[in-house]
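Asks: I have a structure here, written as structure tokens, and I will follow up with some questions on it.
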Amino acid sequence: MAKPVVAVVGRPNVGKSTLFNKIAGSRISIVEDTPGVTRDRIYADCEWVGKQFTLIDTGGIEPYSSDIILLQMRRQAQLAIDTADVIVLLVDGREGMTASDLEVANMIRKSNRPVVLAVNKIESKDIEKNIYEFYNLGIGDPMAISAEQGLGLGDFLDRIVESFDSSLVSQEEDTRLKIAVLGKPNAGKSSIVNRLLGEDRVIVSEVAGTTRDAIDSTFKYFGEEYVLIDTAGLRRKNKIYDDIERYSIVRAVAAVDRSDVCMIVIDANTGISEQDAKIAGIAHNRGKASIIVVNKWDIYEKDQGSVKKFEKDIRNTLSFMPYAPIIFISALTGQRVNKIMETVLLVSNEYSKRVTTGTLNEVIGEAVLMNQPPSDKGRRLKIYYATQGAVKPPTFIIFVNDKALLHFSYERFLENQIRNAFGFVGTPIRLIAREKKDKS
């Protein structure tokens, strides 16, 4: 099951980013503050009383001028509402209810999502009475909190996780392979989806009542049914400013969580960018099998060595996922589109591959002979044995005398030896070191 998405929504200067940072700080258990997007602090994976969720920060978007402040606020809030399973409406208890608060509340009410109304900046009993006017918003009981001082956050988080059961409808496990189509706006995601579906079906609307804004489409390939999770709903062409890139990340998170294989689409004409790296980083950090699809190759100005140069640029920018195969296609002409599903099925099989313990330990033993394990202050790393603990992604447990001696560089060396022996094309590999007492 995908993690629930919790969005903090509200007008500017009510303390959205302060609340986000407090919840995503050391005082709350963090599962993972995902690398690749940490500079923007867009989202964090959090846990409260054993329940995990993805928290979205919608703060930090400044309007271009005062006359469009309401327009910016409305667009930002709507994007978050479309993406979230549970919405937190944050208001300012010192300033009191404003017309802008009412505007946001009206938008939220139409979404039929569970809402937690939090009145921020309530630092003392004297001003706690200020919360009562927010009943006029008509979206539930207001909760007094102080994001800055951390007051009331325990009850507030309890209220959030209590909302998950009602917001997320439990479904029977879907065993069909799910493919998330990711990429920046205008990279050609819709065109690729339409090609794979075998029909000219540009997807522009969201399905009412769904908890994710990505759109699922099913199609058959050699008699088997597959699900495409299309994030093309991102492409809103009118009046989009800085917020579109933030939300391409947020929506990618939701799509990746539900997928088995991620298809990272890159526009050949704009080249590989930092934004592509952020999107690919989500798939990598969440341990998903991935392929890289370079689209619009038909109109790319090519010369001798174009493919090798483009591949080199991708490998440099996406240095954290050297395992992902790269395909050059044109969704417009259909050039090499048939390679997509071939490659998806290849990496899907690798993602689920198991190797025997005996063969694995032969490979590890040869690796140790080839490159002696590191030592520190006269103590050398000893590798006793290894076993595969899980698939999706392939996860290997290595029993050693001292985990601290397993340097990152040697871990990378072992991963490369495992890949050389067994392949694992298109999938990240996890290595987990466990200590076993040295009896010598």
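Bear in mind these aren't lab numbers, they're just calculated from the coordinates by the rules spelled out. The model shown is predicted, which means the values in this text are computed figures rather than measured ones. Neighbour counts are summed over all protein chains in view; Cβ atoms, including those assigned to glycine, are modelled from backbone coordinates with ideal geometry.
Asks: Report yes if Val400 is touching a residue at least 12 places away in the same chain (Cβ under 8 Å), surrounded by 15 or more Cβ atoms within 10 Å (Cβ to Cβ), more than 28 Å from Ile291 (Cα to Cα) and over 28 Å from the mean Cα position of the chain (by Cα), otherwise no.
Replies: yes
Asks: Could you check region 282-341 and list, in sequence order, the residues that are closer than 14 Å to Ile266 by Cα, among the charged types (D, E, K, R) and buried (at least 18 other Cβ atoms within 10 Å of the Cβ)?
Replies: Answer for region 282-341, where residues must be closer than 14 Å to Ile266 by Cα, among the charged types (D, E, K, R) and buried (at least 18 other Cβ atoms within 10 Å of the Cβ): just Lys296.
Asks: Looking at (1) farther than 20 Å from Leu228 by Cβ; (2) crowded, with 16+ Cβ neighbours inside 10 Å; (3) not polar (S, T, N, Q), can you tell me which one Gly358 breaks?
Replies: If we test Gly358 against (1) farther than 20 Å from Leu228 by Cβ; (2) crowded, with 16+ Cβ neighbours inside 10 Å; (3) not polar (S, T, N, Q), just (2) comes out false.
Asks: Separate question: Please find, within region 342-355, the residue that is farthest from Asp267 (Cα to Cα) out of those that are crowded, with 18+ Cβ neighbours inside 10 Å and touching a Leu at 6+ places or on another chain (Cβ under 9 Å).
Replies: Once the filter is applied, the top-ranked residue is Ser348.
Asks: In region 110-166, what residues are without any contact (Cβ under 8 Å) to a residue 12 or more places away in the chain and either part of a helix (DSSP H, G or I) or under 9 Å from Gly93 (Cβ atoms) (or both)?
Replies: Lys110, Lys125, Asp126, Lys129, Tyr132, Tyr135, Gly154, Glu162, Asp165
Asks: Right, here's the next one. Consider only pairs whose beta carbons are under 7 Å apart and that are at least six residues apart or on different chains; among these, list those whose first residue lies in region 374-392 and is surrounded by 13 or more Cβ atoms within 10 Å (Cβ to Cβ) and whose second residue is in a loop (DSSP other than H, G, I, E, B) and of a type in the set (Lys, Arg).
Replies: Tyr384/Lys436; Gln388/Arg354; Val391/Lys353; Val391/Arg354
Asks: To continue, here is another question. Need at least 1 residues that are in contact with a helix residue (DSSP H, G or I) (Cβ under 6 Å, 6 or more places away or on another chain) and not small (Gly, Ala, Ser) per element, so show me which helices (runs of 4 or more DSSP H) inside region 328-425 make the cut, counting only ones lying wholly within it. Reasoning before the result, please.
Replies: On the way: elements: 338-351, 357-370, 408-422.
The qualifying helices (runs of 4 or more DSSP H) are 357-370, 408-422.
Asks: On to the next question. Here's a check for you: in region 300-340, which residue that is of a type in the set (Phe, Trp, Tyr) and more than 30 Å from Phe222 (Cα to Cα) is farthest from the chain's Cα centre (by Cα)?
Replies: Taking region 300-340 as the starting set, the residues that turn out to be of a type in the set (Phe, Trp, Tyr) are 300, 310, 320, 323, 328.
Checking the rest, the ones that are also more than 30 Å from Phe222 (Cα to Cα) come to 300, 310, 320.
On the way: Tyr300: 30, Phe310: 25, Phe320: 16 Å.
Applying the filter and picking the extreme gives Tyr300.
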